[in-house]
Amino acid sequence: MTWQGDTVSLVEAFRSGERSPLAEAEATLAAIEASGLNAFSFIDTEGVLERAAAADVSLPLGGVPIGVKELHQVEGWPDTSASLLFADRVADHDLTLVTRLKAAGANLVGLTTASEFGGLNCSTTKLNGITRNPWDRAATPGGSSGGSAAAVAGGLVPIATGGDGGGSIRIPAGFCGLVGMKGTAGRIPRGPHTTIGPMTVVSGCLARSVRDAARFYDVCAGFDARDPYSLPAQSGWESGLGSTDLTGLRVAISPDLGSAVLADAVRTRVHEAGALLVEATGMQLVELDISMPSITWEWAIANQAGLYKEVGHLWPGCEEQMTKSMAFGVRMGLERFNIEIAARVEAGRTEANRCMADLFDKVDVVICASNPDVAFPAEIESNTRVAGEKAPPGNNGALTIPANISGNPAVSVPAGLVGGRPIGIQLMGRQHEDRMVMDLARAWEQLEPWPLLAPQP
């Protein structure tokens, strides 16, 4: 059996001799084979065992099996973007994030499944098929980092990388009962080939505990000249965990951020959890009428240029090989995008950023839902229902996209089960207050401890 605790405790077990990296690697490979979750699209079996045998457990992640989201490049591994179009492409470089994980001793197991080009909040593709939620295999683990979430919650690996351009870490974290931290834009560099376009996408991890996310920051965060927007390194993310004095911080509880359609059970739980956290920490509750503008359209259009860069040279002959939603996005971009639309998109993004800044002039923390409802059926490519009722397009994004547009740090933490499926609450802070957001998540973890992984079959 694989390690049932978190990453930090596994490193401690390696160092004490309670567990060996090779035994853990062998258990990991066996668990992936037996899981039925379809959480991995590629496994480096030979490399995993070789690295485990030579692991240096004195390093921060020495010997720890880690899943890598398949949109993250590892030199010599497939680089498919989760699309049939690039099924045979191989990465010719390591992502900066991957370089830093390797230097910290991580044992990279393989690539975890994602949505095609990272564009959807599920992980069902024509290339990889359906990835399933270990809490309920009829449900999706979310997306786009769904395979990472399924692998961590399903007991396959204790931690995995993720990327979040509109909720792609926080959505699967909420659906799978995990910690999903989206840092301030630039906290973890995007190099070595950084786009200079919309800075909405950040890298991070899906983890079982807040301290695991903090250790991941210690390893991966910090300036890289190949990402001109990356932030200077800060030390002591893990060692300083819990050091923020939360007393008196102004907090608003807004389950729907004023625009999302939520299931009643989710709305109720966010209010309950928020009230418990305020009371336990001594924060100051601020009654505030929050109404974030709907920016799903602007977010989607802003990402079309990047998508067209990937597939434009193959269009339109590639349409049938793509998931319907992603093909639709390319088609709409080509048919409707012009300089007037670009100006409208930028105006919408600017207004959304201003609204977030105005909000955080009034409060230090916002507590909302991570998802409008529990995880939807795994076969569905694009969900349009909440509690069985029709919801607006992009409803899930109404909760997560605002923090991507503005670059604010936000973390999803487990908040219990509804009908056997996890739900999460999202804790947001102002830009560069990642440490405070982590400490708030840690306070919730201590107040309401959660299962580190789904019940094992």
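Tell me whether the stretch 107-117 contains one or more residues that are touching a residue at least 24 places away in the same chain (Cβ under 8 Å), surrounded by fewer than 24 Cβ atoms within 10 Å (Cβ to Cβ) and not hydrophobic (A, V, I, L, M, F, W, C). Checked the stretch 107-117: no residue is touching a residue at least 24 places away in the same chain (Cβ under 8 Å), surrounded by fewer than 24 Cβ atoms within 10 Å (Cβ to Cβ) and not hydrophobic (A, V, I, L, M, F, W, C). Checked against the criterion of being crowded, with 17+ Cβ neighbours inside 10 Å, modelled with pLDDT of 85 or more, more than 30 Å from Gly274 (Cα to Cα) and not basic (Lys, Arg), the candidates Val374, Val330 yield just one match: Val330.
Quick grid of which residues meet (1) surrounded by fewer than 21 Cβ atoms within 10 Å (Cβ to Cβ); (2) over 27 Å from Asp218 (Cα atoms):
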| site | (1), (2) |
| --- | --- |
| Pro21 | no, no |
| Ala25 | no, no |
| Thr28 | no, no |
| Thr45 | yes, yes |
| Ser58 | yes, no |
| Lys69 | no, no |
| Glu75 | yes, no |
| Ala82 | no, yes |
| Asp92 | yes, no |
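Taking the criterion of being among the charged types (D, E, K, R) and touching a strand residue (DSSP E or B) at 6+ places or on another chain (Cβ under 7 Å), the only residue of the stretch 394-431 that qualifies is Arg421.
Which one of Ser144, Ser148 is assigned to a loop (DSSP other than H, G, I, E, B), polar (S, T, N, Q) and within 12 Å of the chain's Cα centre (by Cα)?
Numbers: Ser148 fails: assigned to a loop (DSSP other than H, G, I, E, B).
It is Ser144.
Filtered by the rule that a residue be of a type in the set (Phe, Trp, Tyr) and assigned to a helix (DSSP H, G or I), the stretch 440-457 gives a lone residue, Trp444.
Restricting attention to the stretch 200-254, the residues that are assigned to a loop (DSSP other than H, G, I, E, B), modelled with pLDDT of 95 or more and among the basic types (Lys, Arg) total 1. Could you identify the single residue in Val386, Val363, Val311 that is surrounded by 15 or more Cβ atoms within 10 Å (Cβ to Cβ), β-branched (Val, Ile, Thr) and modelled with pLDDT of 95 or more? The unique qualifying residue is Val363. Residue count for the stretch 201-252 under the criterion of being closer than 30 Å to Ile290 by Cα, over 21 Å from the mean Cα position of the chain (by Cα) and not hydroxyl-bearing (Ser, Thr, Tyr): the result is 8. Residues of the stretch 260-290 that are without any contact (Cβ under 8 Å) to a residue 40 or more places away in the chain and in a loop (DSSP other than H, G, I, E, B): Gly282, Glu287, Asp289.
When the stretch 172-199 is filtered for residues that are part of a loop (DSSP other than H, G, I, E, B) and surrounded by 22 or more Cβ atoms within 10 Å (Cβ to Cβ), the ones remaining, listed by number, are Gly177, Leu178, Gly183, Thr184, Ala185, Arg187, Ile188, Pro189, Arg190.
The residues of the stretch 151-161 that are in contact with a Lys or Arg (Cβ under 7 Å, 6 or more places away or on another chain) and part of a loop (DSSP other than H, G, I, E, B) amount to a single one, Pro158.
The values are calculated or read from the model by the stated rules, or taken from the named source; none is laboratory data. It should be emphasised that the depicted structure is a prediction, and the values quoted were computed from it without experimental measurement. Ideal geometry is used to build each Cβ from the backbone, glycine not excepted, and the neighbour counts take in all protein chains shown.
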